[in-house]
Every structure is written in structure tokens, then in C-alpha cells.
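First comes the structure, then the notes that go with it.
The values are calculated or read from the model by the stated rules, or taken from the named source; none is laboratory data. Here the structure is a predicted model, which means the values were calculated and not measured. Using ideal geometry, Cβ is built from the backbone for each residue, glycine included, and neighbour counts are taken over all protein chains shown. Areas reflect the complete protein model, heavy atoms only, side chains present, ligands, DNA and RNA absent. Shrake-Rupley method; radii C 1.70, N 1.55, O 1.52, S 1.80 Å.
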Amino acid sequence: MTSCHIAEAPIKKVAIFGGTHGNELTGVFLVKHWLENGAEIQRTGLEVKPFLTNPSAVKKCTRYIDCDLNRIFDLENLGKKMSEDLPYEVRRAQEIYHLFGPKGGEDSYDIIFDLHNTTSNMGCTLILEDSRNNFLIQMFHYIKTSLAPLPCYVYLIEHPSLKYATTRSIAKYPVGIEVGPQPQGVLRADILDQMRKMIKHALDFIHHFNEGKEFPPCAIEVYKIIEKVDYPRDADGEIAAVIHPNLQDQDWKPLQPGDPMFLTLDGKTMPLGGDRTVYPVFVNEAAYYEKKEAFAKTTKLTLNAKGIRCSVR
């Protein structure tokens with residue numbers, strides 16, 4: 001009988017990044033722990049490397065020193081001539097690129113898990129960059145199933161203008177892991193436990209795949225970004241309204257036309273316009289005030305993956 005499974009190369013090298021943003025402490029805490037004792041992340045035949053991505057920002061417990069490390073892995077920044085005049089994060093990006101890349105290179109890492117926290121009520125979130133990636137859709141399906149009944153959402157950032165140049169994008173399979181809500185500079189035990197389980201299930205999936213387990217076709221529900229929404233602003237560019245109480249903490253919940261979005265100081269409600277239901281994410285995220293983003297609108301859709309198996313047993 002002819003197999004209907006796609007043969008994928010075995011996974012050999014995996015990195016786990018923590019501290020890409022220095023005040024998102026769950027990834028920092030876990031990576032520091034695994035650097036001291038990495039027994040729980042080791043799998044037979046697999047190289048797994050925990051890595052503190054932005055140590056200077058971690059030391060100061062700030063998101064970044066000069067610029068956002070998770071937005072500058074593009075050809076322009078990676079191609080700049082190395083000098084002390086470059087922003088710290090640009091220099092660090094080039095170092096990381098040489099250590100873990102180049103993308104598609106013979107010695108580059110197959111998978112990079114990049115660990116993040118959000119102040120928004122996002123729960124367990126997996127960030128997907130490519131809707132046609134059968135391997136990652138299969139992995140995300142495995143993680144979601146393993147975590148159940150705990151919800152795990154998939155945020156698809158595939159967009160011609162809104163997709164950004166992530167730290168993890170230098171890997172063949174980039175995986176963003178976002179867990180919240182958690183304040184910046186704080187550790188919460190429940191958030192720590194959830195992120196730890198997500199990594200465990202991801203590594204288990206890789207191990208099963210490498211050992212020859214065949215994964216049948218599957219489907220997952222994802223939320224695809226369609227627009228970023230700024231706060232209402234006055235003539236001077238200052239924020240003129242806040243997230244409405246009905247929207248606060250309602251990440252992933254349907255937002256209908258006419259539903260409240262913002263509330264002004266004089267009590268005026270500003271509703272969602274248009275004629276379509278959207279699903280808000282990163283609602284009132286603290287780190288996104290500087291990016292002029294109150295939340296992102298997404299649309300819900302289903303992605304299908306073909307069956308996969310390892311090409312070498």
C-alpha cells in the first residue's frame with residue numbers, strides 16, 4: 001500500500017530561547033534552570049540547547065536596551081557591518097544568527113522555541129508564521145490535544161505587512177510560545193507550569209516523530225491577524241480612551257459590530273464598526289503601548305495538515 005504521509009527529515013537540533021524580552025520572566029527562569037539542569041528537556045538523539053537571548057535586557061529587567069530584538073531579524077539589520085555604533089540588539093541579532101542560523105544552512109537549527117509572556121489574558125498561545133507548514137500544524141495539534149482540557153490557542157501572524165522579523169525566524173521551524181496573563185518583571189507559578197508543559201509536549205512530539213511514529217492528517221483552529229487597532233488619540237497624539245471593561249480580558253472571544261471597544265473619560269463608549277465578527281488578541285498588552293496597538297483583530301479559520309512521518313528511521 002502506498003503511504004499518504006509526507007516524508008520529512010528528522011529533527012536534529014532544537015533551541016529554546018528565553019529572555020528575548022528581558023522582563024518576560026517565565027522563559028528567563030526556565031532557560032536559566034535548564035542551563036543548570038537540562039535533564040527534563042533532553043530527548044534521545046536530539047540536541048536541545050537552552051539559550052538566554054538578550055542577557056543585557058534580562059539583567060536590567062527591561063524589554064530591550066536599544067530596540068526590540070524580536071523585530072529586527074531582517075536582511076537589512078542582519079547585513080549591517082558589525083560595529084560598536086550599532087544598537088545593542090542589532091549586534092546581538094547578528095551574533096544569534098551566526099550561532100543558530102543561517103536559515104536553511106547545513107548547520108542551522110531545525111526548531112527554535114521562543115518563550116514569551118504577555119500581560120493580556122491570552123492563556124497558552126502558540127504563534128505560527130506559515131499556514132502551509134504541515135510539520136508545525138501537526139506539532140501544534142499534538143500540543144493542543146496533550147494540554148486539553150486546558151485551552152491552547154494558535155495565533156497565525158502570516159500577513160503581507162503585519163508579519164514581523166522574529167528572533168526565531170532563522171530556524172526551519174520557528175515556534176513562538178506566549179503565555180499570560182503575567183505582569184512584566186513577575187513570575188507566576190501557574191504560568192510557569194503551563195509554559196513548561198507546552199515545551200514538554202513539543203519535545204515529546206519531536207521524539208515520537210524521530211522514532212518513526214506516523215501522524216495522520218489533522219486540522220487545527222487558528223486565529224489569523226487581519227488588523228492592528230490603535231487607541232483613540234487626541235490632536236496631540238495622546239491616548240483619548242481606554243479599553244472598555246467589556247473588552248478587557250476577553251482575548252479570543254468574539255467581538256461583534258456595535259460591541260464596546262473603548263471608553264473615554266467622559267463616559268462615551270466607542271463601539272466596533274464594520275459588518276464582521278472579529279476575535280481580539282493582545283488586548284491592552286503593556287508592551288504594545290509604545291507600538292500604538294490596543295489590540296489586534298483576528299479572524300478564525302481552520303488549517304489542515306497532511307499526514308507526516310520521518311524520512312529516516
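Which one of these does Asp193 not meet: (1) more than 16 Å from the chain's Cα centre (by Cα); (2) within 21 Å of Pro216 (Cβ to Cβ)?
Of the numbered conditions (1) more than 16 Å from the chain's Cα centre (by Cα); (2) within 21 Å of Pro216 (Cβ to Cβ), the odd one out for Asp193 is (2).
With the requirement that a residue be within 21 Å of Leu150 (Cβ to Cβ), surrounded by fewer than 20 Cβ atoms within 10 Å (Cβ to Cβ) and small (Gly, Ala, Ser), what does the stretch 173-189 give you?
Ala189, the sole residue that qualifies.
Filter the stretch 202-247 down to residues that are under 21 Å from the mean Cα position of the chain (by Cα) and farther than 22 Å from Leu156 by Cα, then give me how many there are.
1
Tally up the residues in the stretch 142-158 that are touching a strand residue (DSSP E or B) at 6+ places or on another chain (Cβ under 8 Å), assigned to a loop (DSSP other than H, G, I, E, B) and farther than 15 Å from Leu301 by Cα, please.
Residues flagged as touching a strand residue (DSSP E or B) at 6+ places or on another chain (Cβ under 8 Å), assigned to a loop (DSSP other than H, G, I, E, B) and farther than 15 Å from Leu301 by Cα within the stretch 142-158 amount to 2.
Taking strands (runs of 3 or more DSSP E) that fall entirely within the stretch 231-312, which contain at least 2 residues that are modelled with pLDDT of 95 or more? Step through it out loud before you land on a result.
Values: elements: 241-243, 260-264, 269-271, 279-281, 295-305, 308-310.
Fully inside the stretch 231-312 and qualifying: 241-243, 260-264, 269-271, 279-281, 295-305.
Check Thr118 against each of (1) within 17 Å of the chain's Cα centre (by Cα); (2) among the hydroxyl-bearing types (Ser, Thr, Tyr); (3) open to solvent by 20 Å² or more (accessible area, probe 1.4 Å) and name the one condition it does not meet.
Going through the list (1) within 17 Å of the chain's Cα centre (by Cα); (2) among the hydroxyl-bearing types (Ser, Thr, Tyr); (3) open to solvent by 20 Å² or more (accessible area, probe 1.4 Å), Thr118 breaks only (3).
Could you check the stretch 1-51 and list, in sequence order, the residues that are open to solvent by 70 Å² or more (accessible area, probe 1.4 Å), in a loop (DSSP other than H, G, I, E, B) and without any contact (Cβ under 8 Å) to a residue 60 or more places away in the chain?
Passing the criteria: Met1, Thr2, Asn37, Gln42.
Taking the stated definitions as given, is Phe113 more than 18 Å from Trp252 (Cβ to Cβ), at pLDDT 95 or above, more than 14 Å from the chain's Cα centre (by Cα) and open to solvent by less than 10 Å² (accessible area, probe 1.4 Å)?
Working: more than 18 Å from Trp252 (Cβ to Cβ): yes; at pLDDT 95 or above: yes; more than 14 Å from the chain's Cα centre (by Cα): no; open to solvent by less than 10 Å² (accessible area, probe 1.4 Å): yes.
It is false that Phe113 is more than 18 Å from Trp252 (Cβ to Cβ), at pLDDT 95 or above, more than 14 Å from the chain's Cα centre (by Cα) and open to solvent by less than 10 Å² (accessible area, probe 1.4 Å).
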